[in-house]
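Chemist: Sharing a structure below in structure tokens format, with a few things to ask.
The values are calculated or read from the model by the stated rules, or taken from the named source; none is laboratory data. Bear in mind that the values here come from a model prediction, so they are computed numbers and not experimental data. Cβ: placed from backbone, ideal geometry, glycine included. Neighbour counts: every protein chain shown.
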């Protein structure tokens with residue numbers, strides 16, 4: 001497949017722009033106080049205003065755009081049911097019940113809360129889980145798929161190139177670079193999908209065209225899936241409560257009110273973007289279904305075939321911006337989990353925080369690139385990570401902010417270890433019984449999250465009962 005030079009020009013300009021914005025982001029004044037240095041690198045000095053908060057949160061939270069295209073191409077409107085509605089609900093709950101408390105705590109990260117409330121063992125487990133939760137593997141895979149689609153490079157080479165461009169400026173500027181690039185990416189992600197959707201509507205029509213061309217189940221809320229499968233994604237949406245990107249933005253906000261109002265405003269922007277992406281995915285299925293389409297590439301293929309070169313280039317740029325905004329943010333978060341929450345906690349050295357964080361970024365790159373090559377499906381990576389790490393983290397993290405829901409430390413630690421182990425066991429059982437990592441069949445069609453959450457609820461319930469009865 002050959003691309004017109006006008007398709008490649010906006011993409012080239014974008015890559016140059018983000019490198020310049022990231023590498024030359026404003027560097028905070030040097031300080032001899034280690035906490036100030038860390039606060040600048042990890043949280044940008046806690047100075048996020050409301051508009052910047054919204055821009056960085058909206059762009060970071062919506063990185064899985066090729067996965068959204070894949071899901072919509074395969075299942076239609078179910079995309080909005082799976083990746084839209086439940087996340088709005090949990091985000092609103094987060095805004096009212098967690099965001100102000102997070103900002104008021106003056107901590108740096110989720111593992112900080114676990115160190116404070118559940119001791120060293122709790123902090124270590126939380127740091128390890130947070131590291132895997134924030135691995136940018138699915139987003140590096142998506143950048144790699146786009147580069148492979150455009151230039152024809154081997155997928156593994158494309159993934160490595162995408163990792164380089166997604167991480168290089170985090171090394172020197174940290175959160176400041178993330179925020180600066182997110183502001184540009186926020187604009188481009190909306191501009192790109194408007195450049196795709198508006199011409200398609202004018203050329204082919206709206207609902208009538210889609211109803212005539214799409215399989216009937218694509219316009220139903222389940223999209224041909226079982227209710228059990230859809231329900232599993234609703235539980236995965238509880239990831240919002242433990243999402244390190246949400247927590248980092250709240251820690252970095254100017255005030256608790258900025259954090260709460262910023263999340264509420266972001267929900268409105270996500271609703272608009274979900275409309276744009278779901279509608280575009282329906283057009284992709286309607287127009288491309290007679291071709292041999294790789295579903296994760298349905299969006300870029302649609303733009304390439306049905307838009308003029310310059311508009312197609314703008315749309316490709318919007319796709320890169322949407323994905324890389326999350327890849328950059330998650331790279332920093334994973335680096336913080338290793339460098340700040342693990343290495344520095346146990347090997348403190350007053351002037352080595354930067355080295356620890358850079359070591360964390362190197363480990364992040366190695367693990368993420370390996371996972372992206374090993375499991376080349378965005379949806380499968382999301383599903384696996386969500387099923388394994390939500391059960392051990394969800395209830396303990398909520399309990400950090402609401403002491404009445406906090407059992408004795410031993411019960412919380414048991415939850416962190418056992419609910420993770422149970423979820424991992426059921427996942428491994430499914431993998432061993434499946435033909436490949438690309439086609440995992442879960443026993444009794446039960447995602448590993450369910451038994452893990454059952455164990456977590458049982459341990460917390462028993463722990464709270466004993467606490468109220470005065471037991472240990």
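Chemist: Can you confirm whether residue 436 is outside the structural domain of residue 128 (by TED's automatic domain parsing), modelled with pLDDT of 90 or more and out of contact with any helix residue (DSSP H, G or I) (no Cβ under 8 Å at 6 or more places or on another chain)?
Modeler: Considered against the rule, which asks whether it is outside the structural domain of residue 128 (by TED's automatic domain parsing), modelled with pLDDT of 90 or more and out of contact with any helix residue (DSSP H, G or I) (no Cβ under 8 Å at 6 or more places or on another chain), residue 436 comes out as no.
Chemist: Still on this structure, I have one more. Every residue in the stretch 203-232 that is under 30 Å from residue 331 (Cα atoms), surrounded by fewer than 21 Cβ atoms within 10 Å (Cβ to Cβ) and in contact with a helix residue (DSSP H, G or I) (Cβ under 7 Å, 6 or more places away or on another chain), please.
Modeler: Correct list: 230 only.
Chemist: Taking the condition more than 13 Å from residue 75 (Cα to Cα), surrounded by fewer than 18 Cβ atoms within 10 Å (Cβ to Cβ) and out of contact with any strand residue (DSSP E or B) (no Cβ under 9 Å at 6 or more places or on another chain), does residue 310 pass?
Modeler: Here the answer is yes, as residue 310 does meet what is asked.
Chemist: Name the single residue that is modelled with the lowest pLDDT among those in the stretch 284-299 being within 23 Å of residue 59 (Cβ to Cβ) and buried (at least 23 other Cβ atoms within 10 Å of the Cβ).
Modeler: Step by step, filter the stretch 284-299, then rank; the result is 296.
Chemist: Just to be sure, is residue 177 part of a helix (DSSP H, G or I), touching a residue at least 12 places away in the same chain (Cβ under 8 Å) and over 21 Å from residue 22 (Cα atoms)?
Modeler: no
Chemist: Which of the following residues is under 24 Å from residue 188 (Cα atoms), within 22 Å of the chain's Cα centre (by Cα) and surrounded by fewer than 20 Cβ atoms within 10 Å (Cβ to Cβ): 271, 315?
Modeler: One residue alone meets the criteria, 271.
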